[in-house]
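Enquirer: Got a structure here, written out as structure tokens. Questions coming.
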Amino acid sequence: MSRFAPAPLPRCIVTPLIYSPIYVLDEITSIFVPHIPVPMVRLIALIISIVLQIIAASIALRFMKLTKYRLSWILLSISFVFMAVQKFIQLFEYFRGTPSYSWQMIDEWIGVLISFMIIVGVVLIRELFSSLKRAETDRVKTEKRVLNAIINTEENERKRFAKDLHDGLGPILSTVKMSLSALNDRIKDPSGTIILTNTNHLVNEAISTIKDISNNLSPHILSNFGLVSAISAFTTKINQTKTVEIDFKSNMETQRLENDKEVVVYRAVCELINNSILHSGASRIEIELNKHEKFVTLQFYDNGRGFDTSTLSKEDIKGMGLSNIETRVKTVEGVFILESMPGKGTSALIKMID
Ligand SMILES: Nc1ncnc2c1ncn2[C@@H]1O[C@H](COP(=O)(O)OP(=O)(O)O)[C@@H](O)[C@H]1O
Ligand SMILES: [Mg+2]
């Protein structure tokens, strides 16, 4: 031992005080396992804790690769290894019998190092969690942006297609119609006149079908006059067919919403009505579009046969219509709630911030 090495600690300092927790533990141990001497019990406890520390350290070291060698986990793993080293020092001390000042100091400083590494590791883990949270919010935002882009592209394509149909085929059919009426004066044969009249009918039908298709693809009334006019026009057209009676009410009159929101609500209303006609056998549909202070709500109800909504999650029954509504509503930060029960009709609610 060097000349400057501190003298070993006096015995009384390392001897447990009468009321110290270690003393109490020793007492309890001697009550429960009276036939085993206290030092032996301590040795067993020490060995158990060494084994557990080694297991913990080796698991932590194995996880290092999984965490892509993140500093936070490296620090925590090294702390586990140091904890095991500490236990070895304590075992070594146990067998030496007399405590050594230098080993105790090493033990203490390893303890300080462990605490320091655990603090830094925990702070880094907290950072990791907040960066994970940030990444998750970014992911949701990007997902929304991508969905929006897809929906916008789809709408633009529909518009382009509707315009091409209307502007491309429309004038050609109108010219055919004019040519047919010019022919009308020249055909004297009665059977020829009948053929001409039929052809005229067919051309008229083709013109109105093109108008309908292009209007369904991209309703010009929606972009020019807004949601209330577009839904009114659509429901009036359905009412004329007498398949179902639709009652549409709104407090919005000529008020306009953002283009995205108008398109989302309009497409949803069309799909909901379409579903009622195709699947429910309803005789009446009620639709209310209302603007509140901060929200816009669309309430839909049909008195049809209703259905078990839990079947929607089954892959084989899954249609595109309802899930498309849900996706579209999500892109404008709204909620879509569908309620239905066999025999109780179907109702739906769309709620979005104005
Ligand atoms: N108003 C409704 N009344 C009764 N059943 C409905 C109604 N709306 C939807 N459904 C049921 O939900 C299913 C899924 O609808 P949807 O997603 O629009 O797909 P699709 O109309 O292509 O079948 C329908 O096949 C139908 O069984
Ligand atoms: Mg459908």
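Enquirer: In what sequence, highest mean first, do 273-285, 162-174 appear when ranked by Cβ atoms within 10 angstrom?
Expert: In decreasing order of mean packing, 273-285, 162-174 become 273-285, 162-174.
Enquirer: Positive end of the dipole of the chain, charges at C-beta (+1 Lys, Arg; -1 Asp, Glu), about the Cα centre: which of 35, 179, 168 has its Cα farthest in that direction?
Expert: 35
Enquirer: With the crude spin-label approximation of a point 7 Å out along Cα→Cβ, what separation in nm comes out for residue 245 versus residue 213?
Expert: In this crude spin-label approximation the distance works out to 3.5 nm.
Enquirer: Something else about it: So if each residue of separation counts as 0.36 nm, and I subtract the Cα-Cα distance between residue 127 and residue 48, what length gain in nm does that give?
Expert: Additional length available on full extension: 25.0 nm.
Enquirer: Additional query: What distance in nm lies between label points placed 7 Å from Cα along the C-beta direction at residue 161 and residue 351?
Expert: 3.4 nm
Enquirer: How big is the dipole moment of region 219-354 about its Cα centre under a simple scheme where the beta carbon of each Lys and Arg is +1, that of each Asp and Glu is -1, and everything else is neutral? Debye, nearest 20, please.
Expert: That gives region 219-354 a dipole magnitude of about 180 debye.
Enquirer: Say the dipole of region 222-279 comes from +1 at the beta carbon of Lys and Arg and -1 at that of Asp and Glu; which of 252, 235, 266 then lies farthest toward its positive end?
Expert: Selected residue: 235.
Enquirer: Can you give the FRET efficiency for residue 154 and residue 112, using 1/(1 + (r/R0)^6), R0 = 51 Å, r = Cβ-Cβ distance, to the nearest 0.05?
Expert: Given R0 = 51 Å and the Cβ-Cβ separation, E is 0.20.
Enquirer: I've got another one for you. Tell me, what are the semi-axes, in whole angstrom and largest first, of the equivalent ellipsoid of region 219-354 as set by the roots of 5 times the Cα gyration tensor eigenvalues?
Expert: Result for region 219-354: semi-axes of 23, 18, 13 Å.
Enquirer: Loop by DSSP (not H, G, I, E, B), at most 10 other beta-carbon atoms within 10 Å: where is the longest site-free stretch of the chain for chymotrypsin sites (Phe, Trp or Tyr not before Pro)?
Expert: Between exposed loop sites, the widest span is 70-354.
Enquirer: Note down the magnitude of the dipole of the chain about its Cα centre, charges +1 on Lys and Arg C-beta and -1 on Asp and Glu C-beta and zero elsewhere, to the nearest 20 debye.
Expert: With only Lys, Arg, Asp and Glu charged at Cβ, the dipole is about 940 debye.
Enquirer: State to the nearest 20 debye the size of the charge dipole of region 21-143 about its Cα centre, where the only charges are +1 on K and R beta carbons and -1 on D and E beta carbons.
Expert: Charge dipole of region 21-143: 620 debye, to the nearest 20.
Enquirer: Starting with the fewest neighbours, write out 302, 189, 107, 247 ranked by other beta-carbon atoms found within 10 Å of each beta-carbon.
Expert: Ordered by Cβ neighbours within 10 Å, fewest first: 189, 247, 107, 302.
Enquirer: Now for a different question. Is there a pair in 159/351; 133/294; 261/294; 159/249 whose C-alpha atoms are over 23 Å apart, and which pairs would that be?
Expert: The pairs that break the limit, which is 23 Å between Cα atoms, are 159/351; 133/294; 159/249.
Enquirer: If the chain between residue 223 and residue 252 were fully stretched, how many nm would it gain, using 0.36 nm times the residue separation less the Cα-Cα distance?
Expert: That works out to 8.9 nm of additional length.
Enquirer: Now, a different point. Quote the FRET efficiency, to the nearest 0.05, computed for residue 64 versus residue 96 with a Förster distance R0 of 35 Å and r equal to the Cβ-Cβ distance.
Expert: E between residue 64 and residue 96, to the nearest 0.05, is 0.55.
Enquirer: Give me P(r) over region 108-182, computed from all C-alpha to C-alpha distances, binned every 5 Å, as integer percentages.
Expert: Bins of 5 Å from zero give 3, 12, 8, 9, 7, 8, 6, 6, 6, 5, 5, 4, 4, 3, 3, 3, 2, 2, 1, 1, 1, 0 percent of pairs.
Enquirer: Let me ask something else about it. Compute for the chain: radius of gyration divided by Kirkwood radius, i.e. Rg/Rh, restricted to C-alpha atoms, rounded to two decimals.
Expert: Rounded to two decimals, Rg/Rh equals 1.39.
Enquirer: Go through region 268-312 and name the GluC sites (Glu not before Pro) that are in a DSSP coil and have 11 or fewer other Cβ atoms within 10 Å of their Cβ.
Expert: Taking region 268-312 and a limit of 11 other Cβ atoms within 10 Å, the loop GluC sites (Glu not before Pro) found are 293.
Enquirer: Next up: Report, in deg cm²/dmol and to the nearest 500, the calculated mean residue ellipticity at 222 nm for the chain, where each DSSP H run with n ≥ 4 adds -39500 (n - 2.57) and the sum is divided by the residue count.
Expert: Calculated at 222 nm, the ellipticity per residue is -22500 deg cm²/dmol.
Enquirer: Could you identify which residue out of 175, 254, 142 has the top mean-square fluctuation in a GNM of the chain using Cα springs shorter than 10 Å?
Expert: Its mean-square fluctuation being the largest, the pick is 175.
Enquirer: If r is the Cβ-Cβ distance from residue 135 to residue 295 and R0 is 25 Å, what FRET efficiency results, to the nearest 0.05?
Expert: Computed FRET efficiency for residue 135 and residue 295: 0.25.
Bear in mind that the values in this text are calculations on the coordinates, not laboratory data. Quick caveat: nothing in here was measured; it's all calculated off a predicted structure. Cβ sites come from the backbone with ideal geometry, for glycine too, and all protein chains shown count toward neighbours.
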